[in-house]
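A.B. asks: Structure incoming, see below.
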Amino acid sequence: MASQVLRGAAALAVFALGTSVLGAPGWSQPGGADTALVWLRSGTLAPRQVSYEGTKSITVWGGQVRASQVRVYHAAPDHTRLEYLAAGAQPRRIVIIKGRTQMEYVPASNQVIQRPAPQADEDLLTRAVLPQITHNYNVEFSGAEQVAGRETRVIDIKSKFQGRPSLRVWVDRETRLILRFERYRPDGTLQQTSTFISIRFDPVFSPDLFTVSSPPGAQVQQGRNPRSMTIQEIAQRVGFTPRVPSYLPAGFQAKGARVVNVRGQPVATFVYSDGVSTLTMFESRGPQGPPPKGRRVRIGSVEGTVTARGVATLLHWNAAGVSYILVGDLPEDDLIRVAASVPAVSGFRPAHRSAFVSIAIAEAASGSGTNVAPWRDLPPVPIAPYITNDTHPVGAGVSADGVPIWRALAAAGLTPFVVKVTVAGDGLGAGRLAWLWFVYGMDWTGGGAAAVHEVAARARALAVTAFRADPRVAQVVLTGQYHVRGPFDVRRTDATFTARLDRDPLLAAPPGVDAELALAQAGDVWYSPALRAGALVVHRPRPHESRRARGLPGDRSVESAEHFDGSLPQRIVETKRRLDGILFGVESAGRLWRGNPRRREIALTFDDGPDPVATPLLLAILRRFGARATFFVIGERAVPYPYLIKQMAAEGHEVGNHTFHHPKLTTVDPRTIREELAATTEAIGPIAGPPRWFRPPGGDYSPQVAGVAREAGLNLAMWTVNSGDWAAPPPKLLAERVLARAEPGAIILLHNGTLGTVRALPEVIVDLKRRGYDLVTVSELARGTE
């Protein structure tokens, strides 16, 4: 059964990939150029004004070349006849669309299928599809060519992200009808074409051309266009709570979810898209039989197989008695990362599996809609007007530590505005910390007092519920963002409320006490000036502000290796400085790579904070072992967490400048560099004092970057040891890597945001102290340089 479901689901997914671009308006939407946008939109809507007939050739290059021809008759605005010629295993068929009805006739099987026709929704196109393509793709004119003897303008649609497919369309100059379409794989090879090989406009059609009567003895089926279903509805149909990915590539959003029957078995189906590229995930309960043919790959803690199937790549794995299939036209690494973020299904009783599956299949076949699941799993991901499954809330995929809190939030009706729940500890038995990320303001009508009252009441309810749900949680940290109805962009960094609350004082506050006062008495609270003033707006991230999106110009998401950008003579001079700095501990031209190698001192440095989860835990560990460190903070993260910056300074740590938005500084102009440095100094200076040290994001710098930093009174603090913790290695491996390269005067690069770093830090500190090292700040380390 498992292999049959795999083959059937794969066929559905490949068909969806092949038709999503050809049959729906979503593919032909805008990118960067307004004139190209006008032409594309006109091409999408041209069939409403233009009548034509012609022959179209469709070719798909996959494991094998598949080609077909279709004769097209179209009478504007909404009558179409498509005659598909028999090709390979595909029989001849006729499809007639009249307004809102569609009839498909297959002569070989004498079968007629009637269903509602897909509707072209101009409003949906404007509100949903166009903005998504605009955000993710660049659209430009690229020339002029002839198609079927007609003059056309050629338009290229290319993704802003690496590893995505691209499109090219040919739009008729006179009628604006799209005459040719090509789709290319991420490596630039042609994947799919659809082109008119002949066409004529304004033909005269016979009255009966758009009518098909059911032939004698024909089997007539009434179909329907499936609607998108909620997680709850899908769970009832398939007999388990499906799991959705907690990670999607940048720009992807959920487009629909439903149940399909594949050879009698109900299969949960989830579709995601960035407007051009598509991901489809299938989940079905079944025995973990032999894996399908393909190359073996590792997906998190399980093994799976990957194989090319037509225009798509299929990734299959089994977990906890559920078969998962992920189909997409993305690079294999992206598919594996998405798959690895899908939690394993749990919560059903294996002893009852056969009966459970039988009931689920019977219910799905009957379409009764009765809830047949005899056991409950975690509450499903909430579907609400403002937090949807586009945002990937932790929800049903929450880790074991967060289960009690998520259950309590669901029972209290608080999950619809919760984006994420994280529970973590310092590994030293000092208690747990819970972070709750939420949104507010969907129904806010104005006024600062009303906004503050809503935020405070919501934050108090969340924190109290979390504390009561898990007695081990000693602190609750909250991050709130103003939002409006609609999908929530998880890349946003414009927090307007944060709090760090202690258990006892918050729970001791009487219910009648004002929420704002109760929060103030329970810990640290920050309200943005915009929130206080009631001047709330949703700030969309600029490209170099988007730290989750990879491959954007000006973005530096991780410090993988330092890089100096300069001329050949400049590189030679800089190489000498670096070697002198690393070998002899020399601070040269305001750069520091290493302290005095004759002193047993080491500087631990943490980039990218403050982080609501990692920073409090790192500070607790450093305090426990009496170690000092240097935190290179990002300004936009420092602003909403001033109490964490204050704690860093109060406990003897040094706070350095890591720019305001974390851009790749070698790609921006001097004015932007100055603004980045000045804004961060302005954010941290009044709290921790003016910073002395600056670390360029990613280690990317140039003479221009160093010069602007010196003008701002900042020296460059580089590193001797790159821990590589940004790649999330196991804590044990991370500790071994750091300790193997530790030496007198070393500057160790770590990151403030990965829990693996938190778990590895105690071992690192204990071993370094055992070797006789003092853990100092960068400024303390620099005092010993010559």
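The values are calculated or read from the model by the stated rules, or taken from the named source; none is laboratory data. Remember, predicted model here, so these are calculated numbers, not experimental data. Cβ coordinates were reconstructed from backbone atoms using ideal geometry, including for glycine residues, and neighbour counts include every protein chain displayed. Side chains are part of the model used for accessible areas, which takes the heavy atoms of the whole protein and leaves out ligands, DNA and RNA. Shrake-Rupley method; radii C 1.70, N 1.55, O 1.52, S 1.80 Å.
A.B. asks: Using a Förster distance of 22 angstrom, determine the FRET efficiency expected from the C-beta separation of Ala320 and Arg468, and round it to 0.05.
C.D. replies: Step by step, r from the Cβ atoms, then E = 0.15.
A.B. asks: While we're looking at this one, here's another question. Please find the FRET efficiency linking Thr101 to Ala308, where r is the Cβ-Cβ separation and R0 is fixed at 30 Å, and quote it to the nearest 0.05.
C.D. replies: Efficiency computed from Cβ-Cβ geometry: 0.20.
A.B. asks: Further question: How large is the charge dipole for region 721-786, taken about the Cα centre, if only the Cβ atoms of Lys, Arg (+1) and Asp, Glu (-1) carry charge, to the nearest 20 debye? Display every interim value, and only then the final one.
C.D. replies: Working: 8 positive and 8 negative charges, 38 e Å.
For region 721-786, the charge dipole is close to 180 debye.
A.B. asks: Determine the gain in length on full extension of the stretch Ser57-Arg540; use 0.36 nm per residue of separation and subtract their C-alpha separation, reporting nm with one decimal.
C.D. replies: 169.7 nm
A.B. asks: Still on this model: Could you report region 653-728's accessible area per residue, 1.4 Å probe, as an integer in Å²?
C.D. replies: Working: 2580 Å² over 76 residues.
The answer is 34 Å² per residue.
A.B. asks: Each residue of region 589-596 in turn: what ³J(HN,Hα) in whole Hz from Karplus with 6.51, -1.76, 1.60 and θ = phi - 60°, glycine and Pro shown as x?
C.D. replies: 6, x, 10, 10, 9, 7, x, 4
A.B. asks: What FRET efficiency do you get for Val72 and Ala508 if R0 is 51 Å and r is their Cβ-Cβ distance, rounded to the nearest 0.05?
C.D. replies: 0.10
A.B. asks: On to the next question. Can you list the lysines whose alpha carbon is less than 20 Å from that of Lys769, not counting same-chain residues fewer than 8 positions off?
C.D. replies: Straight-distance partners of Lys769: Lys732.
A.B. asks: Carbon and sulfur together cover what percent of the accessible area of region 564-718 at a 1.4 Å probe radius?
C.D. replies: Working: 3020 of 5670 Å².
With neighbouring chains kept in place, the figure for region 564-718 is 53 percent.
A.B. asks: Still on this model: Just subtract the alpha-carbon distance of Gln521 and Ala649 from 0.36 nm times their residue separation and send over the number in nm, one decimal.
C.D. replies: Computed gain between Gln521 and Ala649 is 43.8 nm.
A.B. asks: For region 404-512, what is the charge dipole size about the Cα centre, in debye to the nearest 20, if Lys and Arg each add +1 at the Cβ and Asp and Glu each add -1 at the Cβ?
C.D. replies: Around 200 debye, computed over region 404-512.
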